[in-house]
Structure formats: structure tokens, C-alpha cells
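> Sharing a structure, written as C-alpha cells. Questions coming.
Please treat every number below as a calculation from the coordinates, not as lab data. Bear in mind the structure is a predicted one, so any value in this text is a computation, not a measurement. Cβ: placed from backbone, ideal geometry, glycine included. Neighbour counts: every protein chain shown.
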Amino acid sequence: MDKNYGTYICTGCGIGEALDVENLTAAAKELGMEAKTHEALCGPAGREMLEADKNDGVNTFIVCACSRRVMQNEFNMGDETITVRGNIREQAAWCKEQPSDAKTQETIDEYTNEMGADYVRMAITQGKKIELPEPYLLETLSRKILVMGGGVAGLTAAKEAAKTGYEVTLVERAGVLGGNALGWTKQFPTRAPYAELEEPTIGALIAEVEADSKITVKTSTEVARIGGAPGNFGVTFKAFGTKTEWDAPAKVGVDEQDKIDKGQMEDPNDGLQKYTAENPDGEKYGAVILATGWVPADVSEFEHLGYADNDKVVTNVEFEAMVKDGKLAGINSVAFIQSPGGEEHDMDFPYTNSVTSMVALKQAKYLREANADAKAYILYQHMRTPGNMEMFYKGIQQDDGIFLTKAAVTGVAASGNGCTVTAKDTLLGEDLDLDVDLVVLAAGMEPVTKYENSINLAYRQGPAFLDLDLFDGYSDSHFICFPYETRRTGVYTCGGVRKAMPMDETIDDATGAALKAIQAMECTDRGVAVHPRSGDRTYPDFYMQRCTQCKRCTEECPFGALDDDEKGTPLPNPTRCRRCGTCMGACPERIIGFADYNVDMIGSMIKAVEVPDDDEDKLRILALVCENDAMPCLDMAAMRKHSLNSLVRFIPVRCLGSVNMSWIKDAMSAGMDGAILLGCKYGDDYQCHFVKGSEIAAKRMDNIADTLSQLGLETERCAVRQIAITDYDTVSGIIDEFVQEIIDLGPSPFKGF
Amino acid sequence: MKVNPDLDFIRYMKSAGGDTLKKCYQCATCSVVCPLSTDDKPFPRKEMIWAQWGLKDKLLADPDIFLCHQCGDCSAYCPRGAKPGDVLGAIRAYAYTHYGFPSGLAKMVSSSKNLPLTIGLPALIVLVMWFISGGMRIPTAEAMSQYGFGHFFGHWDWRWLAKNVAFIDLIMVPAFGLAVYAAYRGVSTMWKAMMTQYNVSTVYRPSVNQFIEQFLWPSIKEIIVHTRFNKCGVNVNRVIGHLPLMLAFIALLFVTAYSAFVQDVLGIFYPSLHGPMSMMNPVKMLANVAAIAMIFGVGVLWSNRSAAEAEEGTSATYYDWFLIYEIMAVAVTGLGAELGRLVGVPVLAYFLYYLHLVSVLMLFLYMPYTKFAHLVYRTFAMAFEKYRESEFVGK
């Protein structure tokens, strides 16, 4: 595309009052742009002006106005055009300082005008470097959905996906469909007044799926491996329990490969096809729904409850089986224990959520329905009955023979033909001593991913989901913001493998997962990112001739988008990519970039900042700001009229993971006095939208500190700060503190070179 | 504590007005809003879970079930629609039956199924006594205006004790004696149970005088001035009914005692004092005012209860209505007999007087087993409340 530029400076929203507009247009002129000004560029008159210029051939609009986070539609001039935003409102006009003893109005005006001019320069530079993105399109795209697991979640996902017209293959290890739900005698109520237990619906669900012509059911089958990428997954099936050469290979890292090559270690993938190999007999799928479910948790670790050595102590799943098999005869009293902590803590059994509370209520009802004189005791620390299930709880409570109390169960001892349960801290005001025929423990639902790969990917980063330990075995990517997502694009989990949940929630969950799978395929078809940068048409482009096979990008990609060949040259899978740019930040050769976001572009923007080399007061500090949380946080700070330090120049980045360390060097060599990265919180409770970006950036900054000290620069000149989106009242203080440290260090010795 | 819930007890409470007891989820809003509950010894939250768990013995030895005046604040504020006030009422009803002696009589009175027998028994006793006395005939209007009901059971010329008085005493004194004994027995069993339950050990025993002076009399004073009733929030208007009713009973107690003294003691020496009192006699005026106050008081309670049943879903119980009907019967038959006498219709007057005797006998005889029993059990529960905090008790 031949670019025709139009540069615009909006003077509305207080910009015209806070900044010297002539100074801004002069800055544009320096870079060869005649800037047009308008008092309300986003209004109808402003838009008319832009449209008129578009008709005159302008296709690259450089809009110096408000934050890029707002007015996106107003300044979207169409698919074949580019719009670049310079933020002179939130980052100059609105965050202007108030006069004080230290700074007069005149000085503040001067500093703020310099800020505004720098943002205009940066925007124009960006406009010059940016290219129109061409979406990445697959040659052939599969629109079939693979559903793994034939329980309630898998059956529902298959049914719902098929209803929307998509072809589905449902794989189940067992010989029959139904999963754990086959064992339930009755189900929780689903209809008002939520009082009566309902007959199982699993039979009807199975029949519906089996009768659906769009669904292919494969029982006694499992997935050997899934290779490829969304829109083009290559899936190999095998009979359950068998071994084949197409089984998913274990991850072999750089160090392991080294040892294998030296003969110090056995190759774990001996006899298996390489992960990049494609099975010609495999089937193609567009997206995968993982609904492989859960297993009942082992409760023998809680010794005081006697599960291991007392046959009168069973789990809720075992009790359900007793009911199903009609083995309640002679059982007149049962204690349902919900929390194993005794006097130490009040936590429920692990992996329970609200499910076990409701199961205990249901099972108490079984007992009462079987025997009118039976007594069911429910000893809980928490009764969790969310939503309409509160009505269920109320209904069960009405039963004369169901007795509930909060209690710390201190022990279960065998006595006579049954057990004696002892409990403290009860609502009855006294310690309890209950003689019962049977004790039922509320064992939780552990995701199968806690024990096995389950998904069996043939990816360079290994067959399993990553960081499972961080989430107790659940395959989360970002629980708070993106609950359906896994760390593998195009793979969506639902049901018990994702969270301990009851059946009605599972049905909602599976329906949601089916829709996510469809969304993934349709986005892939249009060549845009599915999540979280939905609709982004860019993707990372590799200039392979200069690749040194260092493997940093393949190792660091948080989503396993990059495979590699024998030599270690990356094999990109753009449809797996989430466009965070972590690979771009990792690459020491700077050969990875996006059409609208690359090393050269940001580097040039940094160099566009005017650094006075003879004024000790006018230091310049670069701030690279994550656009997911830190950027909105700064915008909100400006909206609240918090002043931002006028020595700092902010540049938004897709993720701190995309920050290439060459930008820091660019800033330092341009004579800037410091650089700060503002990104999401990282660690176990990370808030990074791309999971690892801010953590990786912090590591890289540690490494660059060595380089700086070799150059004779203080390592304190570069720093990373973690900003949450809610830090808008403190963020300017955090920045001021860093700036003060730089002021204390004095101007950079590189200034003027 | 070994716990074994009593399912029959739960079923009983549910049938006796406590049908909502299982709705409680132990938030303790009731104990907070209850105007009578104290910070140190709150209720009725704990009574609710004891009731849910069918812990009969704990409830029967709990003074708080009697300290409750069923104001209804707890029921009004309960977020779950459990009605602690009604549940405690059901528990009290059970307690009166439980502590009642002889238990056969207590059980008979507690159930609506036995209503024919409950009314028939006293009716038969009075009828038989009337027959035995030989006075069973309708007097002339003239005779009635001269003797009033003084010759109801006939007449003899033994000056020391009138035949009528002798027969009334024969009926009422044993009944009253049984009631007093049953109440004493019930209260002392309850007292022992409370002592055990709350682990109260007496350091040195108060004398009867000390007991009355320090525990019983302060409790009675509180009852007479309705201290606790007046604290009620939601249903404070019940005081409008209960206070006149209670004062009427006290007044009639005085009137009866005065009348007995004047007619049956002074009358021995001054025969002119026999026969109906003049309507202008201040004591007679008090009696008439008391009768009207009684009808008014019980009428207010009647309409309050009807309204509560219609508007708040309070369940109608035999236990509550029996006492209302019974007191209304005593008042209406008494006043009716008097009017019958004054207008000179002997048949009506005698018939109503017969019914009046039956209803008064029922009131006395059944006092320890019906809701009327609250006048002893609640008084002693209040005394216990004071006693367990006193110097006589080891802390």
C-alpha cells in the first residue's frame, strides 16, 4: 500500500487550553506533516473532515487526540486504511501538574508542551513505520469439532455444537457413553420450586446424541495425539489402553536433547513418531473440546475420619452406588461429613466447590425416602447452595429426619455395628457424640488433568497443559478474566475437568465451550485472533534467513504456538497464536514482528522523543506500558486529574512480554535517563493476560542490568513495576518515585553522544 | 453430649403450631430482635436448633421457653419464615402435658380428639352432684330473686354450713386441690431439671420466706405490671387484652373470697347477709366490671389471634383456642346467669349457672395442663432465672 498521510490534532476536551497547539503543529511540520486542527475531531464535523481527506486519497490517518482506548469507531476509517493514535489528551492535557513552590505555571506549561510535541512526533513516526495487516488464512480449514469425553459435559457440548450445524466427533474411553452420571440415582431439581429430586436425564441425553446424524460417536476409543493448530488440528485416534507410534511424545527440552544426543539419557519418545510428524490416517478438526471429567478424590489422608480402616466410612460416590444397588437396608442413621479439618481449619474437602453440599442434601433425602424412621445428620462448615439451589436446601431442611449443624468433626470411631462421630463447635452449643450406622465423607471431584495429560498434544512444549501445579491440576490460563480458556488456543475445557460443578452448571458450561470452539474456528477462517485480542488481523512474521535457532521464541511462547524443526528453526502456527508478541520480545536478532507492531517501529518512536542534552532539569524517561491493565490504569488516573510526571514518555505495548530489550538500549543510547516497564502482576496470582509476559519481561530486565553496568550505567536506571488496573490512584506516585530515583542519579552520561 | 433426635417430638411440635420450625437456618436474627432475650442468655436461636434436632429433654429443662411471651418479633423478622414464637408456644404446650399429673388427665386435655370427654367429665360431675343434692328443680322467680343461686343445690337448716356451699366445696375444693398439687409437682420437676441442665448447685438453701421475697414476689410484680409484655415490639397490643384479663381474674378472686367470707362466715351470725348482693354494693360493682373486663380482654386476644392467623399465617392450635374459649365461657355464662336472675327467668338463669359451674370447674381442674398453666410455670421460670444468678448458687 502506498501511504498517503493525514495528520490531525484535536483541540477539544481541554487539549487546546492545556497545550500550545501551534507548538504541536510545528512538531508535526518538523517531520514533514501539515497537521490539521479541529475542535472536536470525533464529532460529526471532524468525521466529515476525515472522510473528505479519505476521498482525497489519504489512507494513513495520524490522529493526535485522546487515548487509543476510546473513540475507536469514530476514528476507524475502514479496512483499507490505517489509523494511528497519538495520546495528547490523557497523557498530556489531562495529567498536567498544578503550580507549586517548586514549579511555576510557566515551567509547567513549557514541560507539558514538550510532552505534547513528543507524542505528536511519536504518532507520526509510528504512522510512517506501520503497515496494513494482511490476515493469515489457512489453505484448508476444518470446521469439525472434536469432543473428548462422553459424560454430561461432552454429550452436551456435542449436542449443542451439532445443533448449530457443525459436525462433531465424540470420543469416549469407556464402552458406553454417560460417564459418572450413569451412577446417579436421582438428580438435583432443575425446575421451580426446586423441591423434588428428579429422575436422571443422562439416558435421554445419550439417546439424543446417538440419534444425531451430525455427531459421530467413538466409544472405547481415545486420542493418541493432537497435532496442528486451530482450523487444522490433525487427530489420531486409537483403541483405549493401547500403545501406538502416534502417541503424543513427551516434551524434550534443550538440555534433555543435549543429554540424549550424548547418550547420557534415554529418549523418552523412543519408538514414537516425532511431534511434528503428521499422521496421514489422522482426521482433521477445527477445534477441540476437552470434557474428560473428574475422578473422586481419595480421602484416606484424613486419618481421624477413618476412611482407610473403617468399612462403615464411605465416600459420597460409594454411597451413591449403595443407593443405586439398593443396599440401604439396615441403615437407620448416617452422618454426612462435609469438612475434614477438625479443629484446625474449616475448609471443606478439596475439589468440592458447592457440589458436595448439594450431594449431601440429596443423599440425606435418599436415606429418608428409603426409611421413614431414618436419621440423616449433615455436619458442615459451609453449606454451599448457590442460586436456586437455596430453595433445594430449604426444602431438604423441612424433612423431620434430616439434622443439620455447623460442626468441626474431630473423629470417627468404630463402635458396635456402626461408628461414633464426635464434633465440636456445633450450633447446638455443645460437643456432639453421634452414634450412626454409616459415615459418608464428601469427597471432591479431581480433574483428570491432575493425573494425566488428557489432551495429548503433539506440541513442542509437550503433550500436557502448562503450569497445572499452579491451579491444583486444572488447565487454566487466566481464571478471572478468561474462564474458558486453556493455555492452548482452540482447546476449550468444560465440566468436571475445568471445575467441580453440578450437572446443571456443567450443561451451561459445555454449551459455552461449544460456542467458544465455534468462535475459534470462525475467527481462524477469517484470519483474525480469537482471544484475547479478538479480531486482530496481524500475526507474527519471521524473517527466517537471519534466525540463529536460539529457540528462545519457541521456549517462551506462553501458548505453545511455535514448533520447530530438527535444527531448531521455529515453525510458526499462526492460528495457535494470541498475538501477544512475547516471541518478538524474546528474539535477540529482532526478526519477529507484526505489520503494525514491531521492533523497528517502537524503536523509531523512542528515537523520535526529543531529548534535550544541555538541560539538567529536563530529564527524559521512557515508560513502556502494557495496554491491558497498566494503560487503562493511566487513562483512569488522567480522568481523575491525577498529574503524571512530565519527564516521562509513555508508549503502549501489547504485553510486557513483547518488549524487546533493544528498545531499552535505543532509549539509553538516545540519551534518555531511565526506562521503566509498567505491566501486570506476575507470580502465582498473576494478572497477565498472556500469562507469562510480565514475568518474562522482569527476567529480561534482570539480564539487561548486567549489560548496563558493563556500559558504565547504573542498573537502577531500568526497572519494572507491577500495576493492577485498580491502581489508578497510586500509579502516578509509583512513577514519581522512580523519576526521583533517576533525578538522584543525575543525567545519563550518554547524553549528547 | 450423646444426641439421639426424637422424631415423634418433632412431629408433635409441627402439629402443635411449630410447623415452621425446620425452616430455621440459625442466623440468630430472632435472638437479636427479641425484646426479652438478654445478651448473656439469648433465645430463641438455640431453642430452634434443639427443636429441629428433637432434643426434648433439653427444651423441657429450659427456662427460656417460658420466658418467651410470644411477642412475635422473632417471627416477624425471621428471614426464612420460621416462626420461633409459635415454635416456643408448641414446646410450652408439650411441657405442660409432660409435667402434668396425673398424666392421663394431662394427655386427655392436650388433644382436641378428647374434647367431648374434656367437657363431658366436668359436666357430668356437676350434673351428678346436682342430682345427688336433690336441689335439681327450677325455682319460682320469686324464690330466685330472694335466694339467687343460693339454693341451687338445695337447702338445709344447718346453720353452720349451707347445703349449697357444701356441694360447691365438694366439687371445687378437690378439683382445686388437685390442680395445686399437679402444679406444685410439675413446677418442682421442672425446677430440678433446670438445675441439672444448667449445672446449678445450691450453696445454701433459701428459706421459704427468702425464696418468696427474693425470687417469687419480684417475678409476680413483673407479671402484674406487665413489664415484659410491654417490651414486645410487633404485637404490643396484646397487652390491651392480657392486662384487663389478668386484672379481672385478680378482682374475681377477691370478690369470691369476700363473698365466701361474708355469706358463709359472717352469714352464720347475721342471716340477713345471705342471698344475692345488692347491685349497688361496691364489691358487686367490682365483680360486674371484672366480668366485663374479662370478656373485653379475652375478646381482644381472640381477635388478635384470628387476625394473626389470617394475616401472618400463624397456625390455629387447639392449645391456644381452648383457653380463649374456656375463659370466654366462664365469663359469658357467669354474666348470663346473673342477667337471667335479674330479669327473673329461672330456667335460663339456672341453665347458664350450671354451665358456669362446669366451665369454672374446667378452668380449675385443667389449669396445670392447658395454656392457663403459664401462670405457674412462667412465674417459676422467671424465679429460676433470678435464682440461678443469686448468691444462693455456686458460680
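> If the only charges are +1 at each Lys and Arg Cβ and -1 at each Asp and Glu Cβ, what is the size of the charge dipole of the range A:298-443 around the Cα centre, to the nearest 20 debye?
On the way: 11 positive and 23 negative charges, 122 e Å.
Approximately 580 debye in magnitude.
> Loop-only check: which chymotrypsin sites (Phe, Trp or Tyr not before Pro) in the range A:239-277 are DSSP coil with at most 16 other Cβ within 10 angstrom?
Those that pass, being in a loop and sparsely packed, are A:PHE240.
> Same structure, new question: How big, on average over all directions, is the shadow cast by the Cα convex hull of the range A:360-407, in nm²?
3.1
> Taking loop as defined by DSSP and a crowding limit of 13 other beta carbons within 10 Å, which chymotrypsin sites (Phe, Trp or Tyr not before Pro) in the range B:174-227 fit? Provide the component values of the computation, followed by the final result.
Values: sites: B:PHE176, B:TYR181, B:TYR184, B:TRP191, B:TYR198, B:TYR204, B:PHE211, B:PHE215; in loops: B:TYR198, B:TYR204.
Within the range B:174-227, the qualifying chymotrypsin sites (Phe, Trp or Tyr not before Pro) (loop, at most 13 other Cβ atoms within 10 Å) are B:TYR204.
> Shape verdict for the range B:301-395, please, from the Cα gyration tensor: rounded (a/c under 1.5), prolate (a/b greater than b/c) or oblate.
oblate
> For chain B, what's the relative contact order in percent, using C-alpha pairs closer than 8 Å and at least 6 residues apart?
Values: 503 pairs, mean separation 92.1, N = 395.
23 percent.
> Then there's this: Highest mean first, how do A:611-617, B:21-27 rank when packing is the count of other Cβ atoms within 10 Å averaged over residues?
Top of the packing list down: B:21-27, A:611-617.
> Please report Rg over Rh for the range B:106-387, where both radii come from the alpha carbon positions and Rh follows the Kirkwood definition. Don't skip to the answer; put the middle values down first.
Numbers: Rg = 20.9 Å, Rh = 21.0 Å.
For the range B:106-387, the value is 1.00.
> OK, next. Projected onto the charge dipole of chain A (+1 at Lys/Arg Cβ, -1 at Asp/Glu Cβ, origin at the Cα centre), which of A:ILE676, A:TYR393, A:VAL448 gives the Cα projection farthest towards the positive end?
A:VAL448
> Which distance in nm do the two modelled labels at A:SER220 and B:SER278 give, with both placed 7 Å along the Cα-to-Cβ direction?
It works out to 11.5 nm between the two label points.
> Please give me, ordered by residue number, the chymotrypsin sites (Phe, Trp or Tyr not before Pro) of the range A:1-109 that lie in loop per DSSP and have at most 12 other Cβ atoms within 10 Å.
Details: sites: A:TYR5, A:TYR8, A:PHE61, A:PHE75, A:TRP94; in loops: A:PHE75, A:TRP94.
In loop regions of the range A:1-109 (DSSP not H, G, I, E or B), there are no sparsely surrounded chymotrypsin sites (Phe, Trp or Tyr not before Pro).
> Taking N as the number of residues in the range A:376-516, what value does Rg over Cα atoms divided by 2.2 N^0.38 Å take? Could the numbers behind the result be given before it?
Numbers: Rg = 20.4 Å, N = 141, 2.2 N^0.38 = 14.4 Å.
Against the empirical 2.2 N^0.38 Å value, I get 1.42 for the range A:376-516.
> When all alpha-carbon pairs of the range A:298-443 are counted, what percent fall beyond 21 Å?
The answer is 36 percent, as a whole percent.
> Calculate log10 I(q)/I(0) of the range A:605-733 for q = 0.13, 0.19, 0.20 Å⁻¹, where I(q) comes from the Debye formula with a single equal point scatterer on each Cα and nothing for solvent.
-0.52, -1.08, -1.17
> Over chain A, what relative contact order in percent results from Cα pairs under 8 Å that are six or more residues apart?
Normalised by residue count, the contact order of chain A is 12 percent.
> Here's a follow-up. Can you list residues from other chains, or at least 5 along the same chain, whose modelled amide H is less than 5 Å from the amide H of A:VAL84?
A:PHE61, A:ILE62, A:VAL63
> Something else: With N set to the residue count of the range B:240-304, report its C-alpha Rg divided by 2.2 N^0.38 Å to two decimal places.
Values: Rg = 14.3 Å, N = 65, 2.2 N^0.38 = 10.7 Å.
Dividing the Cα Rg of the range B:240-304 by 2.2 N^0.38 Å gives 1.33.
> So if R0 is 30 Å, what FRET efficiency would A:ALA239 and A:ARG191 give, r being the distance between their Cβ atoms, rounded to the nearest 0.05?
Computed FRET efficiency for A:ALA239 and A:ARG191 comes out at 0.15.
> So between A:GLU167 and A:ASP373, what do we pick up on full extension, going 0.36 nm a residue minus the alpha carbon distance?
Between A:GLU167 and A:ASP373, full extension yields an extra 68.9 nm.
> When Cβ neighbours within 10 Å are restricted to other protein chains, what is their mean count per residue of peptide A:394-406?
5
> A follow-up question, please. Principal axis lengths of the range A:510-611 from Cα atoms, whole Å, largest first?
Largest first, the range A:510-611 extends 54, 41, 19 Å along its Cα principal axes.
> Counting only pairs 8 or more residues apart or on different chains, how many lysine pairs in the range B:106-387 have their Cα atoms under 21 Å apart?
Count of close lysine pairs: 7.
> Show me, for the range B:374-381, the HN-Hα J-couplings you get by feeding each phi into the Karplus relation (A = 6.51, B = -1.76, C = 1.60, θ = phi - 60°), rounded to Hz, glycine and proline as x.
Along the range B:374-381, the couplings run 4, 5, 9, 5, 5, 4, 6, 5 Hz.
> Report Rg(Cα)/(2.2 N^0.38 Å) for the range A:1-134, keeping two decimals.
Against the empirical 2.2 N^0.38 Å value, I get 1.06 for the range A:1-134.
> Same structure again: Could you give the semi-axes, largest first, of the ellipsoid that matches chain A, computed as the square roots of 5 times the alpha carbon gyration tensor eigenvalues and rounded to whole Å?
Equivalent ellipsoid semi-axes, largest first: 56, 31, 26 Å.
> With 10 angstrom as the radius, rank B:ILE268, A:ILE130 by how many other C-beta atoms surround their C-beta, starting from the fewest. Don't skip to the answer; put the middle values down first.
Values: B:ILE268 14, A:ILE130 20.
By the 10 Å Cβ count, ascending, the order reads B:ILE268, A:ILE130.
> With respect to the cross-link table entries A:LYS144/A:LYS681; A:LYS251/A:LYS681; A:LYS129/A:LYS699, which display a Cα-Cα separation exceeding 31 Å?
Values: A:LYS144/A:LYS681 38 Å; A:LYS251/A:LYS681 28 Å; A:LYS129/A:LYS699 29 Å.
Cα-Cα > 31 Å for A:LYS144/A:LYS681; rest within.
> Another one. Mind checking A:425-432 for the average number of partner chain beta-carbons within 10 Å of each residue's beta-carbon? Walk me through the numbers on the way to the answer.
Numbers: counts 0, 4, 11, 10, 6, 5, 2, 4.
Counting other chains' Cβ atoms within 10 Å and averaging over A:425-432 gives 5.
> Would you tell me the mean number of C-beta atoms belonging to other protein chains that fall within 10 Å of each C-beta in B:373-385, as a whole number?
Working: counts 0, 0, 0, 0, 0, 0, 0, 0, 0, 0, 0, 0, 0.
Per-residue shielding by partner chains comes out at 0.
> Continuing with this model, one more query. Please list, or write none, the aspartates and glutamates whose alpha carbon is within less than 14 Å of the alpha carbon of A:LYS103, excluding same-chain residues fewer than 8 places away.
A:ASP617
> Please report the Cα spread of the range B:7-99 along all three principal axes, rounded to whole Å, starting with the longest.
Principal-axis extents of the range B:7-99 (Cα, largest first): 29, 24, 19 Å.
> Which of A:LYS424/B:LYS2; A:LYS29/A:LYS607; A:LYS324/A:LYS365; A:LYS128/A:LYS641 have a Cα-Cα distance over 21 Å?
In this structure, A:LYS128/A:LYS641 lie more than 21 Å apart at Cα.
> Can I ask one more? Of A:LYS218/A:LYS243; A:LYS362/B:LYS83; A:LYS327/B:LYS23, which pairs sit farther than 23 Å apart, going by alpha carbon to alpha carbon?
Distance filter (> 23 Å) returns A:LYS362/B:LYS83; A:LYS327/B:LYS23.
> Running a GNM on chain B with Cα contacts under 10 Å, which residue among B:GLY100, B:GLY135, B:GLY18 ends up with the highest mean-square fluctuation?
B:GLY135
> At 0.36 nm per residue, and after removing the present C-alpha to C-alpha distance, how many nm does the segment from A:GLU51 to A:GLU390 gain when stretched out fully? Walk me through the numbers on the way to the answer.
On the way: separation 339, 0.36 × 339 = 122.04 nm, distance 5.72 nm.
Residue separation times 0.36 nm, minus the Cα-Cα distance, leaves 116.3 nm.
> Using the Karplus equation 6.51 cos²θ - 1.76 cosθ + 1.60 (θ = phi - 60°), what ³J(HN,Hα) coupling, rounded to whole Hz, does each residue of the range A:437-443 give in order, writing x for Gly and Pro?
Working through the residues one at a time gives 7, 8, 10, 10, 9, 7, 5 Hz.
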